[in-house]
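**Q** Next up is a structure, given as structure tokens.
The values are calculated or read from the model by the stated rules, or taken from the named source; none is laboratory data. All values reported here derive from a predicted model rather than from experimental measurement. As a convention, Cβ positions derive from the backbone with ideal geometry for all residues, glycine included, and neighbour counts pool all protein chains shown. All accessible areas refer to the heavy atoms of the entire protein, side chains included, with ligands and DNA or RNA removed. Shrake-Rupley method; radii C 1.70, N 1.55, O 1.52, S 1.80 Å.
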Amino acid sequence: MAYQTVSPTTGEEIARYSTHDADEIDERLNWAMEAFKDHRDRTYNARAERLETVADLLEKRAREYGELMTREMGKPIDQAVSEAEKCAWVCRYYAQHAESFLADEPEETPAKRSFVAYEPLGPIFAVMPWNFPFWQAFRCAAPALMAGNVVLLKHASNVQGCADAMEDLFKEAGFENHEFQVVRPARKHVSDIIQDRRVRGSALTGSVAAGSAIGREAGDAIKPSVLELGGSDPFIVLDDADLDRAVDIGVTARMQNNGQSCIAAKRFILHSSIAKEFTRRFISAVEDLKVGDPMDDMTDIGPMAREDLRDTVHDQVERAIRDGAVAEAGGHSVDRDGFFYKPTVLTEVERGTVAFDEEIFGPVASLIVAEDAREAVDLANDTRFGLGASIFTEDREKGERLARRVEAGCVFVNEMVKSDPRLPFGGVKDSGYGRELSRHGIREFVNAKTIWVE
Ligand code: NDP
């Protein structure tokens with residue numbers, strides 16, 4: 001099957017791309033090996049210079065790349081432009097810090113000299129999703145390239161224009177020898193790539209099902225993998241929270257990117273004493289959101305990325321209502337072309353129901369009431385996922401104490417969950433394993449080599 005991009009705003013096809021057959025894949029793997037042989041010997045400065053040029057170009061063309069993302073997957077244009085700018089940030093961050101993160105680490109032993117050297121592994125296979133079509137790929141590629149690895153990107157079918165634009169951008173910035181290249185395998189060839197002796201590691205951001213498939217293949221081939229999967233992040237609001245702030249941030253945390261983010265706040269866990277007031281204000285703020293053309297700067301919510309994703313969300317909402325939830329806002333598609341879904345608020349959500357247990361990857365908030373902070377944390381942890389969490393309280397010490405008890409890769413007190421190049425990003429439980437970003441991310445695909453000199 002060919003890769004196809006479809007405008008989520010109109011439902012019309014944008015382009016088709018043919019898949020690479022076995023010979024074309026083989027050719028690309030050879031290019032990757034050739035590229036690695038040169039790139040691994042480049043100094044950190046030479047790598048950094050190129051990555052800084054990538055950052056310059058991203059900043060210069062943020063609008064152009066933003067429009068491409070919006071056209072292919074429907075995020076509001078201002079968020080798409082910010083995404084391109086954030087990619088420049090991660091490039092600069094690793095350009096400036098990779099050398100110190102991977103510097104030799106001397107260790108006192110009986111040897112004359114003993115130390116740990118961090119060396120690149122080789123070609124890394126990156127399977128990436130459509131929701132942050134530039135960011136997810138850059139979050140993987142910037143540290144990989146600075147570590148001396150090279151990258152083969154298999155991007156989601158519906159954002160192939162973004163994939164090609166990134167490949168061109170890396171080339172133009174001086175990664176001319178396929179250090180970052182796009183590969184378009186048919187699904188049946190994905191496992192051949194992971195198993196191929198030239199590929200030394202795999203990274204996937206996407207669903208639990210895809211993560212499980214890639215992780216299984218990588219394990220079978222005895223190769224490292226990093227999996228960044230779904231989440232059902234709790235957003236806890238305690239009785240002493242600043243409600244204005246919690247509502248404002250809560251709406252953004254749930255609805256940004258048209259509700260399609262792994263770290264979106266999905267389960268709002270509200271202390272019973274503020275639940276009513278929070279719910280009233282939250283519904284009113286959600287109803288004020290402007291749904292429309294994502295190319296329009298005034299739009300808050302664009303279409304969902306694909307028709308099947310919109311249908312899945314609607315099916316979940318219907319099942320949630322059958323489970324006893326009440327749709328206080330939204331609960332249906334928008335009557336126009338494209339894959340629009342009305343921002344939805346579900347109240348009276350209980351443990352063991354669809355809106356509590358399943359990840360809803362769209363503009364749908366589940367509101368849950370807790371008697372006290374202890375029950376709130378208990379509810380927060382009662383999920384198969386463990387990506388991020390937020391806690392709103394004016395008692396920051398208590399916030400920190402509770403943060404340590406939440407089972408997640410990151411907890412933000414009085415703030416929404418965000419990824420930041422300076423801090424590790426990743427999950428526990430079914431949200432995956434391994435870390436991206438910060439000094440932790442760059443060490444996922446390196447050989448921590450012991451060198452002992454007697
Ligand atoms: P997928 O996980 O199916 O897609 C993500 C990437 O993995 C795409 O490049 C996809 O390719 C690829 N892929 C999927 N299955 C396999 C497989 N078995 N072997 C190899 N590659 C695979 O996500 P969807 O787009 O279908 O979205 C479904 C759900 O996934 C969402 O509702 C959400 O729950 C979750 N998701 C999570 C994301 C996150 O940020 N953690 C991002 C996107 C989705 P292709 O596009 O060609 O199918």
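**Q** Take the conditions under 23 Å from Ala209 (Cα atoms), part of a helix (DSSP H, G or I) and of a type in the set (A, V, I, L, M) and apply them to Ala137. Does it pass? Steps first, answer last, please.
**A** Values: under 23 Å from Ala209 (Cα atoms): yes; part of a helix (DSSP H, G or I): yes; of a type in the set (A, V, I, L, M): yes.
When the stated conditions are applied, Ala137 passes them.
**Q** Please pick out the residue among Gly201, Gly206, Gly219, Gly161 that is in the same structural domain as Gly74 (by TED's automatic domain parsing) and more than 26 Å from Gly409 (Cβ to Cβ).
**A** One residue alone meets the criteria, Gly161.
**Q** Taking the stretch 224-250 as the search range and keeping residues that are buried (at least 22 other Cβ atoms within 10 Å of the Cβ), away from the ligand (no atom under 16 Å from the Cβ) and hydrophobic (A, V, I, L, M, F, W, C), which one is farthest from Gly432 (Cα to Cα)?
**A** Ala241
**Q** Now a separate question. So which of Arg319, Arg310 is part of a helix (DSSP H, G or I) and buried (at least 17 other Cβ atoms within 10 Å of the Cβ)? Break it down stepwise before answering.
**A** Values: Arg319 fails: buried (at least 17 other Cβ atoms within 10 Å of the Cβ).
One residue alone meets the criteria, Arg310.
**Q** In the stretch 396-416, what residues are part of a helix (DSSP H, G or I) and either open to solvent by less than 60 Å² (accessible area, probe 1.4 Å) or not basic (Lys, Arg) (or both)?
**A** Going through the stretch 396-416, the residues part of a helix (DSSP H, G or I) turn out to be 396-405.
The answer is Glu397, Lys398, Gly399, Glu400, Leu402, Ala403.
**Q** Kindly provide the set of residues from the stretch 326-337 that are out of contact with any His (no Cβ under 8 Å at 6 or more places or on another chain) and either assigned to a helix (DSSP H, G or I) or open to solvent by 10 Å² or more (accessible area, probe 1.4 Å) (or both), ordered by number.
**A** First pass over the stretch 326-337, keeping only residues out of contact with any His (no Cβ under 8 Å at 6 or more places or on another chain): 326-331, 334-337.
Matches in the stretch 326-337: Val326, Ala327, Glu328, Gly330, Gly331, Val334, Asp335, Arg336, Asp337.
Listed here are the residues, each with its yes/no results for (1) among the basic types (Lys, Arg); (2) assigned by TED's automatic domain parsing to the domain that holds Ala203; (3) assigned to a loop (DSSP other than H, G, I, E, B).
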{"residue": "Ile360", "(1), (2), (3)": "no, no, yes"}
{"residue": "Val369", "(1), (2), (3)": "no, no, no"}
{"residue": "Leu379", "(1), (2), (3)": "no, no, no"}
{"residue": "Glu394", "(1), (2), (3)": "no, no, yes"}
{"residue": "Leu423", "(1), (2), (3)": "no, no, yes"}
{"residue": "Arg439", "(1), (2), (3)": "yes, yes, no"}
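**Q** Something else now. Considering only residues that are within 14 Å of the ligand (Cβ to nearest atom) and either within 17 Å of Trp130 (Cβ to Cβ) or open to solvent by 10 Å² or more (accessible area, probe 1.4 Å) (or both), which ones fall in the stretch 167-195?
**A** Step one: filter the stretch 167-195 for residues within 14 Å of the ligand (Cβ to nearest atom), giving 182-195.
Matches in the stretch 167-195: Val182, Val183, Arg184, Pro185, Ala186, Arg187, Lys188, His189, Val190, Ser191, Asp192, Gln195.
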